[in-house]
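Notes follow the structure.
The values are calculated or read from the model by the stated rules, or taken from the named source; none is laboratory data. Note that the structure is a prediction, hence the values are computed from the model and not measured. Virtual Cβ from ideal backbone geometry, glycine too; neighbours counted across all protein chains shown. Side chains included, ligands, DNA and RNA excluded: accessible areas come from the protein's heavy atoms. Shrake-Rupley method; radii C 1.70, N 1.55, O 1.52, S 1.80 Å.
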Amino acid sequence: MPQFLELKDKFGNNLYFGNGGDVRFAATPLISDFRQQLKDVRQLELRSDDVIVVGYPKSGNHWHQQIIRMLLQNSTEYHPNTFTTDVLEYIPESYRPPATGPRVFFSHLCFRHLPLQVLEKKVKVVYLTRNPKDTFVSLFAQLSEMKNEMGYSGTWDQFFQVMLEWGFWHGNYFDHLLDWEREIEAHPDMPVFVSSFEDMKRDPVGQIEKLNEFLEMGRSRQLCQDIAEACNIHVMKEKEEEQVRALQQVYKADAVGIYRKGEIGDWKNWFTPEQNEQFEEVYQKRMADSKRTFIFE
């Protein structure tokens, strides 16, 4: 069993993380040595036609992974989210099947922790963004449904402060975003497509067509339309319900799971006027030099 990093937030709530040094992992029992896991990820053998989907937690990773997998396989056949094979930083290498074809990995890591072969083989990366207000809310909703070390037992008001000042899994939201922004700019030869949660929500067919072009799949517009329908948030939620029920050691009995609402602007149902004012003050300071813009509603 792994030894978790045990902390407390300023409200006295217990926090548990997988100790990866400068990476705060989710406290999953799958990994016994989180620092070694980071080293193993760096040395992972990749195919040049693999795809890595990466973004801060709750930025649409599972959603985009399904969409891209369907583009690669040229069909809308659905595969349950394969937590035991596809998450770079949470899956021991021995769990991964042989690379007999292109794979879609997803990750929440910063660029410096991705496999070295991402640059060496110019592996395509789809970097995800989502407005931070909805990201905060979505992460709190998921953590509230999780058991034991994986969850968060505090209130929304407390979690808001934790996220704004410190962050949770994989660190502070703004640190993560700005780090990726710098790295993308520093590596102009790295093939990266930036896909926002909001663009995918507002125009799924158009965004899938852009992904299709970036991945050089040459798929038809009809397939892109079919994938958009197959990966509608409500359809995905229904398909994942069985898997959530099977993960009883992770989720509470009445948990919704990975897919919840998938709405733009749900933060308005959670943020108080005071919280919004506090957030905006931090946002303006942290994002002052960023080129990134967000759709908040």
Over the stretch 17-42, the set of residues in a loop (DSSP other than H, G, I, E, B) and either in contact with a helix residue (DSSP H, G or I) (Cβ under 9 Å, 6 or more places away or on another chain) or surrounded by 15 or more Cβ atoms within 10 Å (Cβ to Cβ) (or both) is Gly20, Gly21, Asp22, Val23, Ala27, Thr28, Pro29, Leu30, Ile31, Asp33
* Asked: Can we say Arg42 is of a type in the set (Lys, Arg) and either without any contact (Cβ under 8 Å) to a residue 12 or more places away in the chain or more than 19 Å from Arg112 (Cβ to Cβ) (or both)?
  -> no
Restricting the stretch 273-297 to residues that are among the hydroxyl-bearing types (Ser, Thr, Tyr) and touching a residue at least 60 places away in the same chain (Cβ under 8 Å), the one farthest from Phe136 (Cα to Cα) turns out to be Ser290
Flagged in the stretch 135-158 as among the hydrophobic types (A, V, I, L, M, F, W, C) and in contact with a strand residue (DSSP E or B) (Cβ under 8 Å, 6 or more places away or on another chain), in numbering order, are Leu139, Leu143, Met146, Met150
In the stretch 83-97, is there at least one residue being open to solvent by 30 Å² or more (accessible area, probe 1.4 Å), more than 23 Å from Met150 (Cβ to Cβ) and out of contact with any Asp or Glu (no Cβ under 7 Å at 6 or more places or on another chain)? yes
When the stretch 1-16 is checked residue by residue, the ones that are assigned to a loop (DSSP other than H, G, I, E, B) and touching a residue at least 60 places away in the same chain (Cβ under 8 Å) are Asp9, Lys10, Phe11, Asn13
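Among the residues of the stretch 98-116 satisfying the criterion of being open to solvent by less than 40 Å² (accessible area, probe 1.4 Å) and not in a loop (DSSP other than H, G, I, E, B), which is nearest to Val23 (Cα to Cα)?
Filtering the stretch 98-116 for residues open to solvent by less than 40 Å² (accessible area, probe 1.4 Å) gives 101, 104-111, 113-115.
Still in the running and not in a loop (DSSP other than H, G, I, E, B): 104-107, 111, 113.
Values: Val104: 22, Phe105: 19, Phe106: 16, Ser107: 12, Phe111: 12, His113: 9 Å.
Residue satisfying both the conditions and the ranking: His113.
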Conditions (1) open to solvent by 10 Å² or more (accessible area, probe 1.4 Å); (2) hydrophobic (A, V, I, L, M, F, W, C); (3) modelled with pLDDT under 90 -> Leu72 fails only (3)
Note on the stretch 1-16: residues surrounded by 17 or more Cβ atoms within 10 Å (Cβ to Cβ) and of a type in the set (Asp, Glu) are Asp9
Those residues of the stretch 168-198 that are free of Cβ contacts under 8 Å to residues at least 24 places away in the same chain and of a type outside the set (Gly, Ala, Ser) come to a total of 5
